[in-house]
1. Please calculate the 1.4 Å probe accessible area of Glu90, with all protein chains present, and give it to the nearest 10 Å².
2. Between Asp127 and Gln102, with labels modelled 7 Å along Cα→Cβ, what's the label distance in nm to one decimal, could you check?
3. Provide, as a two-decimal number, the C-alpha radius of gyration of the stretch 4-76 over 2.2 N^0.38 Å, N being how many residues it has.
4. What ranking of Leu91, Leu38 comes out by heavy-atom accessible area, probe 1.4 Å, highest first?
5. Excluding ligands and nucleic acids, what accessible area in Å² is computed for Tyr65 using a 1.4 Å probe, to the nearest 10?
6. Run the quick spin-label model on Leu184 and Ala28: label points 7 Å from Cα toward the beta carbon, then report their separation in nm to one decimal.
7. Figure the gain on full extension for Arg140 and Tyr49 (residue separation times 0.36 nm, minus the Cα-Cα span) and round it to one decimal in nm.
8. How much length would be gained if the chain were fully extended between Thr77 and Leu91, taking 0.36 nm per residue of separation minus their Cα-Cα distance, in nm to one decimal?
Amino acid sequence: MSDLLTSEPDDDIELMLRVRDDDRNAFATLVGRHTKKLLNYFLRLGVQYDAEDLVQQTFIKLHAYRQRYKPTAKFTTFLFLIARQTWIDELRRRKRRERLEQEMTQFPSIENDGLYTQDEHHADNIDVTAALRALPEHHRAVIELAIFQGLPYADIADILRIPCGTVKTRMFHAIRTLRKKLGLT
C-alpha cells in the first residue's frame, strides 16, 4: 500500500487532480514534465529574452487556476491555454509600457545619477522631480509601479488592493496632471 502512495502516476490528468488538492510533489512533477515544452512554445513565438520568465508565469497561473481545472480535455490543452494567455498578457504589458514610455519621452531625460536636474539659469526648463512630487500619493504610486518598475496594471491593482480599472483611471489622471504641470499640453 505504501508503494502506491509514493509512486508517481504517468497520467497528467491524475497529477493535476492531485495538484487541485494541493499536492506539491504532483505540481513539481508537472513542472518538470512540461517546462521544456513551454520554453519551446515561447521561443517559437519569437520570445528572445523572457521565455523562461513566461514559463514561470505560466506555472504560477496554472497553480493559481488549479481549482478551475476540469478533466474533460487533455491536461496540455489547459496548460497551453494558460501559456497563450500569459503571452497575450505579456504583449499587452509591452504595448502599455511602450505607450507610457512615449508619454515619458516628452519629459527631460534622467541624468547618470538617476536624478532629474533643473538648469538654474533657464526658467523655462522643466523640473520633473518636482512635478512628480506634487502629484497626490495615489497617483505617484501608480506612476512609480507602472513606469519605473514596469509592472502590469493587474499586479499594481493587487499591490495597492484596488480594482484594475482604478489603476487605469489613476494612471490616466496622473499622466494628464504631469503633462499640465510640465506645460506639455
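1. Taking all protein chains as shown, Glu90 has close to 10 Å².
2. 3.1 nm
3. Ratio of Cα Rg to 2.2 N^0.38 Å: 1.16.
4. Descending accessible area places them as Leu91, Leu38.
5. 80 Å²
6. 4.9 nm
7. Stretched out fully, the Arg140 to Tyr49 stretch lengthens by 29.8 nm.
8. Fully extending the segment from Thr77 to Leu91 adds 2.9 nm.
The values are calculated or read from the model by the stated rules, or taken from the named source; none is laboratory data. Remember, predicted model here, so these are calculated numbers, not experimental data. Cβ coordinates were reconstructed from backbone atoms using ideal geometry, including for glycine residues, and neighbour counts include every protein chain displayed. We work out accessible area using only protein heavy atoms, side chains counted, and drop any ligands, DNA or RNA first. Shrake-Rupley method; radii C 1.70, N 1.55, O 1.52, S 1.80 Å.
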